[in-house]
Amino acid sequence: MSKPVYITADSTCDLTNELLERFQIKTVPLHVLLGEENYLDGVDFTQDMIYQRYAQDKLLPRTAAVSPQEFTDFFTPLVQAGYEVVFLSISSELSATYQNAVIAAQDLPGVYPVDSRQLTTGVGLMLLEACRMRDDGQDAASIAQAMEEMIGRVNVSFVIDTLEYMWKGGRCTGVAAFGANLLNLKPCIEMREGKLEVCKKYRGNIEKVYEKYIAERLKGKDVDPAHVFITTSSAPTPQQAQRLEEAVRQAVPAVQEILFTRTGCTVTSHCGPGTMGVLFLEKTK
């Protein structure tokens with residue numbers, strides 16, 4: 001008889017506490033470094049604190065991976081309690097988190113780290129499928145293999161309102177940021193082979209851009225209707241949330257559940273306020 005399975009992830013999966021509890025997922029936080037200060041993502045440092053500190057002193061945080069020892073401390077109680085563990089990490093192209101999980105897992109039986117090759121609720125979508133498989137009684141090895149196989153089905157993208165945070169964080173030039181603001185350009189970035197790349201540039205009012213982006217992103221896609229995430233770096237107003245949900249439902253009438261989440265400290269510190277993405281799985285071909 002196979003052991004029970006615990007589904008785990010790092011904090012960059014950006015699932016709400018309600019979703020973590022609902023699906024019985026355990027997470028381990030990345031570190032948020034602000035000058036000499038060291039915080040834990042989502043534990044004692046939040047997205048709104050990024051905005052507050054940036055407004056106060058123009059200082060943006062850096063993020064650091066979970067260490068091998070922290071992973072050992074995270075996995076060991078689950079293994080000792082009789083569980084096998086599936087762990088989904090942020091893309092290894094963006095962080096050393098996956099590599100450190102592998103180091104820790106070498107000394108622990110029944111721990112299966114998976115490099116999601118994704119970011120934020122792209123990882124979240126994989127987690128929800130892993131939980132479905134767990135609840136169907138599948139073992140950890142089978143779930144981990146299925147996660148590897150579904151990476152290509154995950155569709156992750158965001159449209160960005162301002163390049164100021166990317167410029168301040170050294171991820172684009174001041175000239176590029178100035179030109180984008182001058183021309184009112186709103187770049188769309190997507191995950192490609194584990195990395196973030198610009199795929200399109202919109203122009204105009206961000207609220208109109210959101211609607212156009214949603215329609216174009218979902219058009220012609222064979223979307224798995226079980227879950228679609230609308231993930232934002234700033235909390236939407238009820239009116240904004242309603243408009244975004246209506247745009248998704250118009251594009252995918254069969255969608256069963258639309259889940260709203262906010263980007264955690266990692267994505268927020270890179271992209272800044274006004275960032276919004278629609279993330280979904282494509283059906284098996």
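The values are calculated or read from the model by the stated rules, or taken from the named source; none is laboratory data. Everything numeric here is computed off the predicted structure, so don't read it as measured data. Here Cβ is always computed from backbone atoms with ideal geometry, including for glycine, and neighbour counts include all displayed protein chains. For accessibility, only protein heavy atoms count, side chains too; no ligands or nucleic acids. Shrake-Rupley method; radii C 1.70, N 1.55, O 1.52, S 1.80 Å.
For the reader, a short list of remarks on this structure follows.
- In the stretch 207-219 there is at least one residue matching the filter, namely being buried (at least 20 other Cβ atoms within 10 Å of the Cβ), in contact with a Gly (Cβ under 9 Å, 6 or more places away or on another chain) and either among the basic types (Lys, Arg) or modelled with pLDDT under 90 (or both).
- Selection from the stretch 225-251 of residues that are hydroxyl-bearing (Ser, Thr, Tyr) and under 25 Å from ARG153 (Cβ atoms): THR231, THR232, SER233
- Selection from the stretch 84-94 of residues that are among the charged types (D, E, K, R) and in contact with a helix residue (DSSP H, G or I) (Cβ under 9 Å, 6 or more places away or on another chain): GLU84
- Screening ARG62 on (1) over 24 Å from PHE87 (Cβ atoms); (2) out of contact with any Phe, Trp or Tyr (no Cβ under 9 Å at 6 or more places or on another chain) shows it passes everything except condition (1).
- Residues of the stretch 219-250 satisfying the condition of being touching a residue at least 24 places away in the same chain (Cβ under 8 Å) and out of contact with any strand residue (DSSP E or B) (no Cβ under 8 Å at 6 or more places or on another chain): LYS219, PRO225, GLN240, ARG243, ALA247, GLN250
- Residues of the stretch 73-107 that turn out to be among the hydroxyl-bearing types (Ser, Thr, Tyr), within 27 Å of VAL267 (Cβ to Cβ) and more than 20 Å from the chain's Cα centre (by Cα), as a count: 0
- Filtered residue count, the stretch 241-256, keeping only those that are open to solvent by 40 Å² or more (accessible area, probe 1.4 Å), within 21 Å of the chain's Cα centre (by Cα) and under 18 Å from ILE206 (Cβ atoms): 1
- Of all residues in the stretch 20-48 being touching a Leu at 6+ places or on another chain (Cβ under 7 Å) and closer than 18 Å to SER116 by Cβ, the one that is most open to solvent (accessible area, probe 1.4 Å): THR27
- Of all residues in the stretch 194-218, those that are farther than 18 Å from PRO236 by Cβ have Cβ atoms under 7 Å from Cβ atoms of residues that are open to solvent by 50 Å² or more (accessible area, probe 1.4 Å) and not in a helix (DSSP H, G or I), 6 or more apart or on another chain, in GLY194/GLU93; GLY194/ARG117; LYS195/GLU93; ARG203/ASN184; GLY204/ASN184.
- Of all residues in the stretch 106-119, those that are under 12 Å from SER95 (Cβ atoms) have Cβ atoms under 8 Å from Cβ atoms of residues that are open to solvent by 20 Å² or more (accessible area, probe 1.4 Å) and charged (D, E, K, R), 6 or more apart or on another chain, in ARG117/GLU93; ARG117/GLU193.
- Where strands (runs of 3 or more DSSP E) sit wholly within the stretch 1-83, those with at least 3 residues that are touching a helix residue (DSSP H, G or I) at 6+ places or on another chain (Cβ under 8 Å) and in contact (Cβ under 8 Å) with a residue 24 or more places away in the chain occupy 5-10, 25-28.
- Test: residue in the stretch 107-125 that is open to solvent by 10 Å² or more (accessible area, probe 1.4 Å) and out of contact with any helix residue (DSSP H, G or I) (no Cβ under 8 Å at 6 or more places or on another chain): no
- Against the conditions (1) in contact with a Lys or Arg (Cβ under 8 Å, 6 or more places away or on another chain); (2) buried (at least 18 other Cβ atoms within 10 Å of the Cβ), ILE230 satisfies every one except (1).
Per-residue answers, yes or no, for (1) modelled with pLDDT of 95 or more; (2) surrounded by fewer than 23 Cβ atoms within 10 Å (Cβ to Cβ):
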residue: GLY82; (1), (2): yes, yes
residue: SER89; (1), (2): yes, no
residue: GLU93; (1), (2): no, yes
residue: ALA96; (1), (2): yes, yes
residue: ALA101; (1), (2): yes, no
residue: ASP135; (1), (2): yes, yes
residue: GLN138; (1), (2): yes, yes
residue: ILE160; (1), (2): no, no
residue: LYS168; (1), (2): no, yes
